[in-house]
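A quick write-up on the structure given underneath.
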Amino acid sequence: MARITAGLTSSHVPAIAAAWDQGRADEDYWRPVFAGFDWTKKWLAEHMPDAIVLVYNDHASAFSLELIPTFAIGCADRFEIADEGYGPRPVPAVEGHADLAWHIAQSTILDEFDMTIINKLDVDHGLTVPLTLMFGQPEAWPTKIIPLAVNVVQFPPPTGNRCYMLGQAIRRAIESFPEDLDVQVWGTGGMSHQLQGPRAGLINKEFDTAFLDRLTADPEALRKLPHIDYVREAGSEAIELVMWLVMRGALGEHVRELYRFYHVPTSNTALGHIVLEPTN
Amino acid sequence: MSDLSEYDDIPGTTLFTAQRSRKGYWLNQFCMSLMKPENRERFKADERAYLDEWPMSEAQKQAVLARDYNACIAEGGNIYFLAKIFSTDGKSYQYAAGTMTGMTQEEYAEMMLHGGRSIEGNRSKKEGR
């Protein structure tokens, strides 16, 4: 049977993609950002999963205002790189895991989550920035990726509790998949940032640190955190952090923190990254 | 449950609600069209003529022409859609966000380097905290 071996989270700031793609990763501003992922790169090389369920949000790339699914899963064999207004990033296309993705779609729907199924999806920086941070610039990405898109653009996004419960349903789905696979679940986006209006540039390190701590110490408290607390305390775009709770719900009740990195600033954003291992 | 008016208490912040999404529908859909290189070229060649192809309000068109992103958001624009405009201009999120704060680019960049905008005094208009 398949199993969830680990979970991790990472911000997906588009400026990271620009810095990497334009060969500026060695600049003083960017060196510490990329260095913060050295530990994880090494760890991943030794713990490479067969597939990753990568929870991210589309930033008005695949989904315009014509169609706004709350939860949608990419069930295709391959996902192309989106052109977000400056041409597609020069990174490999993403190889999916259609068997597992369809299984998760079927299992979660029968588990009462009304998933949208996607067969054509161009993936944007929300999905590709974490791949760059974790895997650098390979000829092809070293594992298969199942994109799971969460609406956090049009208000309201799903609640943190609902995201957590979806994570639990994803775990049940993966554990009922008959192949012997190691699967990781990644949550992306966040941490504190606001990209709009006179309050743009907001960073709340205290909120972020408490959020990182509670992923291990008190996920039950995070489940109950209302949307307005994310927006008020950590900025309008910090609402992306609900996606981290899909990852956390998928890992089960008890986890061990293996690694953490937090860095300000990354463009407008507090970059947060944590690696967790289930201990149930 | 769906009353979002409490968010109006957060200073300097506009939530992308149903009402704003409806108001900004064509503004945001115009932005989406800039994901195609041929549309970016046509827009750059004659911005006004390109905008006139869309059923947008005059206020929305003026906001785009002026690259006034606060005005774009007031007219129903959403930052992830508006990103297609500043990406077409070769500008970054940090540039666009900075223009909305009343600070110069240098001041905004400096603020970010020093840990960003503090939450103190930025939580609530009503409570002034």
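No value in this document is a laboratory result; all are computed from the given coordinates. Bear in mind the structure is a predicted one, so any value in this text is a computation, not a measurement. Positions of Cβ are backbone-derived with ideal geometry, glycine not excepted, and every protein chain shown enters the neighbour counts.
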Looking only at segment B:78-85, decide whether some residue is within 9 Å of chain A (Cβ to nearest Cβ), within 13 Å of the chain's Cα centre (by Cα), touching a residue at least 12 places away in the same chain (Cβ under 8 Å) and assigned to a loop (DSSP other than H, G, I, E, B). yes
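Which residues, taken from segment B:99-113, are more than 7 Å from chain A (Cβ to nearest Cβ) and surrounded by 11 or more Cβ atoms within 10 Å (Cβ to Cβ)?
B:99, B:103, B:104, B:105, B:107, B:109, B:110
Taking only segment A:229-280 into account, find how many residues are β-branched (Val, Ile, Thr) and not in a strand (DSSP E or B). I'd like the intermediate steps shown before the answer.
Step one: of segment A:229-280, the residues β-branched (Val, Ile, Thr) are A:231, A:239, A:242, A:246, A:255, A:264, A:266, A:269, A:274-275, A:279.
Then drop every residue that is not not in a strand (DSSP E or B), which leaves A:231, A:239, A:242, A:246, A:279.
Residues that pass the stated criteria total 5.
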Positions within segment A:32-48 being in contact (Cβ under 8 Å) with a residue 40 or more places away in the chain, farther than 14 Å from residue A:275 by Cβ and either surrounded by fewer than 15 Cβ atoms within 10 Å (Cβ to Cβ) or touching a helix residue (DSSP H, G or I) at 6+ places or on another chain (Cβ under 6 Å) (or both), in sequence order: A:32
Listed by first then second residue, the pairs whose first member lies in segment A:12-31 and is farther than 14 Å from residue B:91 by Cα, whose partner is aromatic (Phe, Trp, Tyr), with beta carbons under 7 Å and at least 6 positions apart or on separate chains, are A:12/A:56; A:24/A:30; A:25/A:34
Tell me which residues, restricted to segment B:10-22, are more than 8 Å from chain A (Cβ to nearest Cβ), in contact (Cβ under 8 Å) with a residue 24 or more places away in the chain and more than 14 Å from the chain's Cα centre (by Cα). B:22
Please determine, by comparing only the residues of segment B:43-60 that are more than 23 Å from residue A:63 (Cα to Cα) and assigned to a helix (DSSP H, G or I), which one is nearest to the other protein chains (Cβ to nearest Cβ). B:44
Filter segment B:61-77 down to the residues that are of a type outside the set (A, V, I, L, M, F, W, C) and under 13 Å from residue B:20 (Cβ atoms), then identify the one that is farthest from the other protein chains (Cβ to nearest Cβ). B:75
Which one is farthest from the other protein chains (Cβ to nearest Cβ) among residues in segment A:83-93 that are small (Gly, Ala, Ser) and under 14 Å from residue A:18 (Cα atoms)? A:87
